[in-house]
Amino acid sequence: MLAKQYEITLPADYDLDVIRRRIKAGAPLLDDRPGLGFKAWLLRERGVDGSPVHQYAPLYVWRSDGEAARFLVGGGGFENIVRDFGRPTVHHWTVLAHFSGPARAGLPVPGAATRRLTAVPVAQDPRALAAHVDDEVEQLRELARHPAVHTAVLALDPARWELLRFVLHADPDPDTDTPAATRDDPTTVRFAVPHLSAPELSALPEGRAW
């Protein structure tokens, strides 16, 4: 499984309803996309939840590497982003773990998402990497038990040695729906989720990826 995200940062006076209309028009094209676990259509609004910018920053989890490649370079959809905004950097992570949360049942579109990016510590002992990941997986497993968690993913970028923790939450209010471990973490960025395309979400393996 692969996680991917690109970020389109928009001018401060940009009308975000333009992006909301774009999402509404584009979502049906990915709601049944083969090989796609899910696409969280993510927005940040300047001045909301501490965001300094307007930003459109969708995050994908792909079950199929081939379908992810087709989306990017095979005429499978990414050309629309390039046409309208230029070609952004696309960040990639290998998915290490995925957990479904209690809020997933009966909730097609979660209200919010959080993303935490942290560096993997450098250590002389090669076993330290495995121990660090084990600890992160167990933290994610525990976090995913929170009643308001919809989906939780842990992934690794081995080029930058960076861990991604991505969590979908039931409610857009951070004071009511977010586990304290996510809400109080200064490395965490919060997004609104206008739509969730989840054609193969239920087929994602539960727990650690190996």
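Looking at (1) open to solvent by 20 Å² or more (accessible area, probe 1.4 Å); (2) under 16 Å from ILE81 (Cβ atoms), can you tell me which one ILE19 breaks?
(1)
For the structure I just gave you, tell me whether ARG44 is farther than 20 Å from PRO186 by Cβ, open to solvent by 20 Å² or more (accessible area, probe 1.4 Å) and modelled with pLDDT of 95 or more.
no
Does ARG116 count as closer than 17 Å to LYS4 by Cα, touching a residue at least 40 places away in the same chain (Cβ under 8 Å), of a type in the set (D, E, K, R) and touching a strand residue (DSSP E or B) at 6+ places or on another chain (Cβ under 9 Å)? Spell out how you get there, then give the answer.
Numbers: closer than 17 Å to LYS4 by Cα: yes; touching a residue at least 40 places away in the same chain (Cβ under 8 Å): yes; of a type in the set (D, E, K, R): yes; touching a strand residue (DSSP E or B) at 6+ places or on another chain (Cβ under 9 Å): yes.
So ARG116 passes the test.
Return the residues of region 194-210 that are more than 18 Å from ASP32 (Cα to Cα) and assigned to a strand (DSSP E or B); say none if nothing qualifies.
Going through region 194-210, the residues more than 18 Å from ASP32 (Cα to Cα) turn out to be 205-210.
Matches in region 194-210: GLY207, ARG208.
If only one of VAL90, VAL53, VAL61 is within 22 Å of HIS195 (Cα to Cα), crowded, with 20+ Cβ neighbours inside 10 Å and modelled with pLDDT of 95 or more, which one is it? Walk me through it before giving the result.
Numbers: VAL90 fails: crowded, with 20+ Cβ neighbours inside 10 Å; VAL53 fails: crowded, with 20+ Cβ neighbours inside 10 Å.
Criteria check complete, one pass: VAL61.
Assuming LEU72 fulfils every condition listed in (1) over 28 Å from TRP161 (Cβ atoms); (2) of a type in the set (A, V, I, L, M); (3) out of contact with any Gly (no Cβ under 8 Å at 6 or more places or on another chain) apart from one, which condition is it?
Of everything listed in (1) over 28 Å from TRP161 (Cβ atoms); (2) of a type in the set (A, V, I, L, M); (3) out of contact with any Gly (no Cβ under 8 Å at 6 or more places or on another chain), LEU72 misses just condition (1).
Among the listed residues ARG83, ARG141, ARG165, which satisfies the condition of being among the basic types (Lys, Arg) and more than 18 Å from GLY207 (Cα to Cα)? Walk me through it before giving the result.
Numbers: ARG141 fails: more than 18 Å from GLY207 (Cα to Cα); ARG165 fails: more than 18 Å from GLY207 (Cα to Cα).
None of the others qualify; the one that does is ARG83.
Which of the residues belonging to region 98-117 are surrounded by 19 or more Cβ atoms within 10 Å (Cβ to Cβ) and over 20 Å from PRO147 (Cβ atoms)?
ARG115
From the set of residues in region 136-184 that are at pLDDT 95 or above and of a type in the set (S, T, N, Q), which is surrounded by the most Cβ atoms within 10 Å (Cβ to Cβ)?
Looking at residues that are at pLDDT 95 or above and of a type in the set (S, T, N, Q), I get THR151.
The values are calculated or read from the model by the stated rules, or taken from the named source; none is laboratory data. All figures in this text were calculated on a predicted structure; none of them were measured in a lab. Neighbour counts run over all protein chains shown; Cβ positions are idealised from the backbone, glycine included. What goes into the accessible areas is simple: the full protein's heavy atoms, side chains included, and nothing from ligands, DNA or RNA. Shrake-Rupley method; radii C 1.70, N 1.55, O 1.52, S 1.80 Å.
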